[in-house]
Structures are given as structure tokens and as C-alpha cells.
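Take a look at the structure below.
The values are calculated or read from the model by the stated rules, or taken from the named source; none is laboratory data. From a predicted model like this one, the values you see are computed outputs, not experimental measurements. Please note: Cβ atoms are built from the backbone with ideal geometry, for glycine as well, and neighbour counts cover all protein chains shown. Keep in mind that these areas ignore ligands, DNA and RNA; they rest on the heavy atoms of the full protein, side chains included. Shrake-Rupley method; radii C 1.70, N 1.55, O 1.52, S 1.80 Å.
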Amino acid sequence: MARFIGRKEELKKLLGLAKKKSASFIVVRGRRRIGKSRLVEEFGKYFDKFYTFEGLAPVNGITAEDQLTEFSRQMAQQFKAPFARFDDWSDALWALGERIKTGKILILFDEISWMGMNRPGFLGKIKTFWDNHLKKNNQLIFVICGSASAWIEKNILNSTGFVGRISYTLTLEELPLSDCNEFWPKSKNIAAFEKLKILSVTGGIPKYLEEIQMKIPAEETIRELCFTRGAILVEEFNQIFSDLFLRDSPFYKKIIEVLVTGSKERNEICEILKIDPGGRISDYLTELELAGFIRRDYTWDIKSGADSKLSKYRLSDNYLRFYLKYVDKNMTKINRDSFRFKSLTSLPEWNSIIALQFENLVLNNRTLIHQALNISPEQIISENPFYQHRTNRYPGCQIDYLIQTRFNTLYVCEIKFSKNRIDSSIISEMQKKIDSFFYPKGYSCRPVLIHVNGVTEDLIDSDYFSLIIDFSEYLN
């Protein structure tokens, strides 16, 4: 098993629940490969007994009866008992409940949506299992886990049947840069820019980072992972999109494809896809957001600090963008082992794509910006990518990342990826953006540059930016 990296705060929270004098019911959800099961396994080291049950992936031919049979088989293996065939989930759960009445025990039901497939009464029986068995053991923690976040949201978190029963819902996000950095041994002396190339493809997804081959350069690693027949990141996309959502539809992929080239408002998405804005598009967007693939970035009213109705959807998953832009389009060549490219920079539109990937990495690690600016959480009124529509009085404006503090300070952050050092020409570009930005009187507007790969001396000497943050320092 790979070394457990990161998740210190999440593990700390779970261990706190283990100190309660009553049983706990925990929901863990998040994107596929984000490390949900691995975190619970690490948590299981603090218990006398840890039992895990996992649903079968619902491929063609798998039936509800197969799921129940597999559960029974896993129970027999873990308790070293004869295999017993059950006709109903109530009987199987009762048999498990009889074995875990006492002791410090952790129970994991992994991929819960698979376990209960095509069994409408399954969740009602889970509720009864909790009420009549699990919660009576004050030292027991019951964890249900799944990648189908929309299913969990609808059938468990928003279900009246589970009201008042769930102690904690943990949604796992990508690993922060500090944890990503641990996947590279310090003794290897890998340059930050090389790590950034890998992260532009993988993001902070633990499973993908575990696949890095340390002995070969970043570009060769990406060739092996993304452009070799049968490689994990070649096959991953179809696996991600199977059985994660509430409906089987290629429409999810179409939405993602629209967002590959940048953030868009809901009406823009509808116009590109030529669909009715009053249809199910909101449901699809919500499900993609719950799955952890997209983010809805709200802008806000500077004067009041309240979120406005204006928002854009951003493809926040670096792997999906890279796959759709470069892997999917070349799949037939990859499967013939005939796809070749000189370097990443030779790929079509690479500079614009990696700029979006770098922006995701920065926004997913925005607390590092707050720390660099010495801003504490309680000082922040609002922070996000910021958008301003064009009107008769004001031009349109888009700010990569804006922080508003309670001291009437606005930090206008420019996230700039460049293979070369950034020079003073960026100043006029930045000032034009600030001049277009409408904000109330009495506010200070401080420009901040976030970059990788260095800046020139003339830019530093200009003293224009309040702070210049070299993001590569977080990967050294």
C-alpha cells in the first residue's frame, strides 16, 4: 500500500468524533480517486476492529442479488465465518449487527450507491440497521462512502429518513500543494517547474500523483500516463463518468467540453449547446459541481459584500481539461501506438491551456495567497474570481482573483503563467483592468501578481505591485 500523504485536518476531525461517548454516523464523499477509502483505512488504525464492505461496480450483468451475495461473502471473509446466503438486506444487516454489539469498531460501507442498486428499500433498511443495531454500541463509528456525490446528496443528506442521524459529512477536495509536494522525494532535487507540468495534468488527485515515475522527466511521465494505450489516465475518463450521476447521459461530457476553454455563465453554456435555459441544465450543472468537476464562482456587490446573481461555471478539474483537449481527440492514434509529440509546448494551444490549469492550482490553494498577504480569515469579506458586466456606464471587467477585506482594501490578483520571465509590460495590462473595475469611493485597490518562472528586474524596480508571489516556491 502506498504511503499515506496529507489529510491531517480531515483525520484530526474524524479522530475527534472517535472520542465521543456515543456512536457516530459519518458520510464521506468526493471525486473518484480523491482518497476517500484510503483516509478511512488510515482512520481504521485507531480502532480495535475495522470492517469494510464495498459494492460491486455496476457493469453490465451485475444484479441486485449479486451485490447482496458479495456483501455476504465479504462478511464471511472478515469474520472468518461460513458463507451464508441471504435473500434480503434486512437479514444480512441483522447478521452483521449481531457481530458488532460491543468494542471500539469502525464499519465502512464503500460505494454505497452501488451496494443498493435496484433495491428501492435498501436505504430504509440502512436506517433501521443504524437505529436498531449500530447506534447501540457507543464505541462504534459507521462510515458510508461514495463517489456518486449527487446520489448521496439526494438519497441520504436530503432524505427525511436520515434527519438527525448523521454526525458529520466530510467532502474531500484535492490535496493542497504542500501535500502534493510530498509525492516527490526531496533527495531527487526536482525543479518546481517540472512538478508544475505534472500538476497541470493531475491536479491534487492522490491516485494520479502515486502514478508518477520519479526516475524519468515530467514530459516522459505524461507520455506514459496519458498517451500510451491502456495507461491509467487514458482509460480513466470513461470510468469517471460511468455511474456517478443520477441519469445516464452524454450531456455531462458536452457541458465539460464547453468549459474546457474557460469559465462561462449559465446562459452562455445554453447558447453554445443550443438548449432551452429552462430545461434540466441546472440539474446537470449541480450534479457536476457536487461531483467535484466544476465550480460555480459567484461575484459579489463590493458595497454590501453580498453575493450577486452573476456567476460563472469553471472547469476546476485539471485532468478532465487535459483529457478532453489532448487525449480524447487523439484516442484512435493512441490505441494504434502512433501518437507522437515533440514536447508539451508543441501541443495545440498549450500555453492557453496550461494557463487555465495553473489558475486552477492557485484557486485551489488560495489560502497560500491569504498567508502571503498576511490576511486572516476573519478579515475577509469576500474572495473569488470576479466578473463585471459591461453597461452603458462601465466597461466589462474580469479579475482572476479578488479579495475584499473589512479594511476597505481590494486585492486585485493577476494569475500569470509564462514560460519566460514576466516583464514590466504587464503593468499597463493590469492598470487597464483596474481602471475598468468599478468600486465605491474610499476603497484601496492593490495589485498583486501571482506567477511561476520568475519576473524581470525592471518589473521589481517599478514597485507597481503590492506583492509579487512566486507560486513555484510552494513546490520547492
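Before moving on, here are some points about what is shown:
- Checking Ile100, Ile112, Ile141, Ile107 one by one, the residue that is under 20 Å from Leu244 (Cβ atoms) and surrounded by 15 or more Cβ atoms within 10 Å (Cβ to Cβ) is Ile112 and no other.
- Checked against the criterion of being touching a residue at least 60 places away in the same chain (Cβ under 8 Å), hydroxyl-bearing (Ser, Thr, Tyr) and under 23 Å from Arg296 (Cα atoms), segment 384-402 has at least one qualifying residue.
- Considering the conditions (1) more than 29 Å from Leu15 (Cβ to Cβ); (2) open to solvent by less than 20 Å² (accessible area, probe 1.4 Å), Trp184 is excluded by exactly one of them, (1).
- Candidate set: segment 444-459, residues that are over 24 Å from Asn351 (Cα atoms) and of a type outside the set (D, E, K, R); chosen: the one least open to solvent (accessible area, probe 1.4 Å): Cys445
- Taken as a whole, the structure leaves Arg119 outside the set of residues that are of a type in the set (Lys, Arg), under 26 Å from Glu153 (Cα atoms), at pLDDT below 95 and in contact with a strand residue (DSSP E or B) (Cβ under 8 Å, 6 or more places away or on another chain).
- Considering only residues in segment 225-263 that are assigned to a helix (DSSP H, G or I) and open to solvent by 30 Å² or more (accessible area, probe 1.4 Å), the one that is farthest from Ile281 (Cα to Cα) turns out to be Ile232.
- A count restricted to segment 395-414 and to residues that are in contact with a Ser or Thr (Cβ under 6 Å, 6 or more places away or on another chain) and either of a type in the set (Asp, Glu) or at pLDDT below 95 (or both) stands at 2.
- Some residue of segment 40-47 being out of contact with any Ser or Thr (no Cβ under 9 Å at 6 or more places or on another chain) and exposed (fewer than 12 other Cβ atoms within 10 Å of the Cβ): yes
- Any chance Asp301 is under 21 Å from Asn384 (Cβ atoms) and either open to solvent by 10 Å² or more (accessible area, probe 1.4 Å) or modelled with pLDDT of 95 or more (or both): yes
- The set of residues in segment 246-290 being touching a strand residue (DSSP E or B) at 6+ places or on another chain (Cβ under 9 Å) and hydrophobic (A, V, I, L, M, F, W, C) consists of Ile255, Ile256, Val258, Leu259, Val260, Ile269, Ile272, Leu285, Leu288, Leu290.
- Residue match in segment 450-460 (condition: assigned to a loop (DSSP other than H, G, I, E, B), among the charged types (D, E, K, R), in contact (Cβ under 8 Å) with a residue 24 or more places away in the chain and out of contact with any His (no Cβ under 7 Å at 6 or more places or on another chain)): no
- Which listed residue is among the aliphatic types (A, V, I, L, M) and free of Cβ contacts under 8 Å to residues at least 40 places away in the same chain, from Leu15, Leu56: Leu15
- Test: residue in segment 314-322 that is closer than 27 Å to Leu172 by Cβ and free of Cβ contacts under 8 Å to residues at least 60 places away in the same chain: yes
- Qualifying residue in segment 84-100 (condition: at pLDDT 95 or above, touching a Cys at 6+ places or on another chain (Cβ under 6 Å) and among the acidic types (Asp, Glu)): no
- The residues in segment 148-176 that are modelled with pLDDT under 95, surrounded by 18 or more Cβ atoms within 10 Å (Cβ to Cβ) and either within 30 Å of Val362 (Cβ to Cβ) or of a type in the set (D, E, K, R) (or both) can be counted, and the count is 5.
- Condition check for Ile105: closer than 21 Å to Lys13 by Cα and β-branched (Val, Ile, Thr): yes
- Considering residues of segment 425-438 that are part of a loop (DSSP other than H, G, I, E, B) and open to solvent by 70 Å² or more (accessible area, probe 1.4 Å) only, the residue modelled with the highest pLDDT: Ser425
- Flag for Arg119 being of a type in the set (Lys, Arg), open to solvent by 10 Å² or more (accessible area, probe 1.4 Å) and assigned to a loop (DSSP other than H, G, I, E, B): yes
- Any chance Thr202 is among the hydroxyl-bearing types (Ser, Thr, Tyr) and in contact with a strand residue (DSSP E or B) (Cβ under 9 Å, 6 or more places away or on another chain): no
- Of all residue pairs spaced 6 or more apart or on separate chains, those with beta-carbon atoms under 8 Å, a first member in segment 258-271 that is closer than 16 Å to Tyr387 by Cα and a second member that is aliphatic (A, V, I, L, M) and open to solvent by 60 Å² or more (accessible area, probe 1.4 Å) are Lys264/Ile272.
- Residue count, segment 291-329 (criterion: more than 25 Å from Phe193 (Cα to Cα) and either among the β-branched types (Val, Ile, Thr) or in a loop (DSSP other than H, G, I, E, B) (or both)): 10
- Selection of segment 137-170 for residues being assigned to a loop (DSSP other than H, G, I, E, B) and among the basic types (Lys, Arg) yields only Arg165.
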